């Protein structure tokens, strides 16, 4: 996807998560459930990535193990041309 990012229906889980991440916050699955955003954060993040949003994840150690923490990359959507193909990162 180049240029324009997909939008989501107002009030949808994906739209709420995107709005939360756009404020500069990061989000784990537990935080997502506690905030009432989604019980399936991994799936919503996948939807956002497919829509062209550059969401990065990192594994963070907790008292009980490791969890994924998601954030919106400050670079947003990155596109460049390599030969004749457009590559979006």
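Highest mean first, the peptides 29-38, 45-54 sorted by other C-beta atoms within 10 Å per residue fall in the order 45-54, 29-38. In this simple spin-label model, placing a label point 7 Å from the Cα along the Cα-to-Cβ direction at both residue 49 and residue 6 gives a separation of 1.4 nm.
The packing ranking, built from the mean of other Cβ atoms within 10 Å per residue, places the peptides 55-61, 12-18 in the order 12-18, 55-61, highest first. Remark: spin-label model distance residue 39-residue 68 equals 1.9 nm, labels positioned 7 Å along the Cα→Cβ axis.
Read the figures in this text as sums done on the coordinates, not as results from a lab. For clarity, every value in this text was computed on a predicted model and none was experimentally measured. Counting neighbours? That spans all protein chains shown, and the Cβs are built from the backbone with ideal geometry, glycine included.
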